[in-house]
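S.K.: For reference, the structure I am asking about is given below.
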């Protein structure tokens, strides 16, 4: 497979955050008659699955789903049916399959989520695939997902970490001249998949991974509280080999503790390595929680980017501001995948309508899955559809035509594994002592 890597100017790319609104289906009674269809109580109900410890802290992210649903419903809905959604929490691993079963019993056959790779794999393997539920994740990036035996029912609008870690490995080898590396990572699907992708790419390019160490994420079936976790033995194992760079694969809570422990590590003090985090950096969290800011001068980051200069993004931003009376916030926290929630709603709605032969619903989730590639670059000479253009898409599909959706997150074209085929990543470095992110390089990756 030929890989094309193209360098662009960093100034033209930014990553977006998001704010809040709601038109969800929470609070409604389950339907009395549950059939093997996507229609519940005269509407098409999507299931949103993501992870939260307290009551819906991601309410701001929901605005992106609400905006897409409002646009679709204002233009007539999906084959005349209004679109809505209901939410389930997948924070606790052992509860995630039950959450999927609850959606199934509600009549939902389509899931946006889960957010975490480990939860996505767990839900797919334990319940969703066997019950013909279609899943489209917005942020589950583990390469392990591509290898699931999923009967074509697990898709994702986010790029696989195969992309991100291949870009990082090539950049370290070619741009920085680094030949020895180590990895420290979460011992879950996200960490294992990402670390494996990095090791494969770095060694394929001629580098040597001198140490690769996983740390636990659960204890006794419960998530570890990382603010009291001791990373010292894991860091010692990695640093003993004196790698030129340490790639760490973590979430923000453990990233803070890992870096804090690193500031007290004698091996690092004697021979400091370059540090690279993936999925972007939450700079303010690091600045507010790490006392020794000298660590910042060693920190770099790579993350998924959104191009805010495109007409698609500008139209989306205008619609967002008009609906919520506030603009999209832009930041350098490059791990923000939330915009994909908006795109996933459009992708699923288009696939549902495409699957509705002769204007008939009910249809099954498997029928919808068969149309996912067709509505995103899988058909030659299809009519381009951009964010906010549901009325145009509806007209084309009603006339028997084909559409090709390109979203706020960029061009979308699925492969046979249900993964998108291209993405753009930014590489940043921390600026000490201010702790600001400074741009270095933007790299676009494509398997096409």
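S.K.: Compute the Cα gyration tensor for region 140-236, then decide on rounded, prolate or oblate, letting a ≥ b ≥ c be the square roots of its eigenvalues: rounded whenever a/c is under 1.5, prolate when a/b is larger than b/c in the other cases, and oblate in all that remain.
M.R.: oblate
S.K.: Right, something else. Residues of region 392-411 with amide nitrogen under 19 Å from the 7 Å Cα-to-Cβ point of residue 379?
M.R.: The answer is 392-407.
S.K.: Normalised by the number of residues in region 76-176, what is the relative contact order in percent for Cα pairs under 8 Å and 6+ residues apart? Could you put the intermediate results ahead of the total?
M.R.: Numbers: 121 pairs, mean separation 20.9, N = 101.
Result for region 76-176 is 21 percent.
S.K.: Show me the ranking of peptides 386-392, 89-95, 340-346 by mean Cβ neighbours inside 10 Å, starting with the highest.
M.R.: Ranking the peptides 386-392, 89-95, 340-346 by packing returns 340-346, 386-392, 89-95.
S.K.: Return an integer: the convex hull volume of the alpha-carbon atoms of region 201-300, in Å³ per residue.
M.R.: 115 Å³
S.K.: Among 442, 403, rank each residue by its count of other Cβ atoms within 10 Å, from fewest to most, as a rough exposure measure.
M.R.: Working: 442 19, 403 23.
Starting with the residue having the fewest Cβ neighbours, the order is 442, 403.
S.K.: For the pair residue 370 and residue 395, what calculated FRET efficiency results from E = 1/(1 + (r/R0)^6), where r is the Cβ-Cβ distance and R0 = 22 Å, to the nearest 0.05? Walk me through the numbers before you get to the answer.
M.R.: Values: r = 22 Å, r/R0 = 1.02.
Here the calculated transfer efficiency is 0.50.
S.K.: Right, something else. What is the spin-label model distance, in nm, from residue 309 to residue 436 if the labels are put 7 Å beyond Cα along the C-beta direction?
M.R.: Simple spin-label model gives 2.1 nm for this pair.
S.K.: If contacts are Cα pairs under 8 angstrom and at least 6 residues apart, what is the relative contact order of region 225-332 in percent?
M.R.: Numbers: 105 pairs, mean separation 25.4, N = 108.
Worked out over region 225-332, it gives 24 percent.
S.K.: Turning to a different aspect of this structure: Hey, quick one: spin label on residue 147, modelled 7 Å out along Cα-Cβ, who in region 97-132 has an amide N within reach, i.e. under 19 Å?
M.R.: Zone members listed by number: 117-126.
S.K.: Over 10 Å intervals from 0, what percent of Cα-Cα pairs in region 197-242 sits in each interval?
M.R.: 21, 37, 30, 11, 0
S.K.: Based on the Cα gyration tensor of region 260-316, what are the three equivalent ellipsoid semi-axes, each the root of five times an eigenvalue, rounded to whole Å and given largest first?
M.R.: Semi-axes from the Cα gyration tensor: 33, 13, 7 Å.
S.K.: Please give the per residue volume of the convex hull enclosing the alpha carbon atoms of region 240-395, rounded to a whole number of Å³.
M.R.: 191 Å³
S.K.: Average the reciprocal distances over every distinct pair of alpha-carbons in region 101-145, invert the result, and give the Kirkwood radius in Å.
M.R.: On the way: mean 1/r = 0.0954 Å⁻¹.
That comes to 10.5 Å for region 101-145.
S.K.: Here's a follow-up. DSSP beta bridges in region 42-159, what fraction antiparallel, as a percent rounded to 5?
M.R.: Around 5 percent antiparallel, to the nearest 5.
S.K.: Could you calculate the contour length gain from residue 74 to residue 230, that is, 0.36 nm times the residue separation minus the distance between their Cα atoms, to one decimal place in nm? Write down the numbers at each step before the final one.
M.R.: Values: separation 156, 0.36 × 156 = 56.16 nm, distance 5.26 nm.
Stretched fully, the residue 74-residue 230 segment lengthens by 50.9 nm.
S.K.: Can you give the % of DSSP beta bridges in region 118-248 that are antiparallel, to the nearest 5?
M.R.: Around 10 percent antiparallel, to the nearest 5.
FYI, it's all coordinate maths here, none of it is from the lab. What you see is a predicted model; the values in this text were computed from it and never measured. Please note: Cβ atoms are built from the backbone with ideal geometry, for glycine as well, and neighbour counts cover all protein chains shown.
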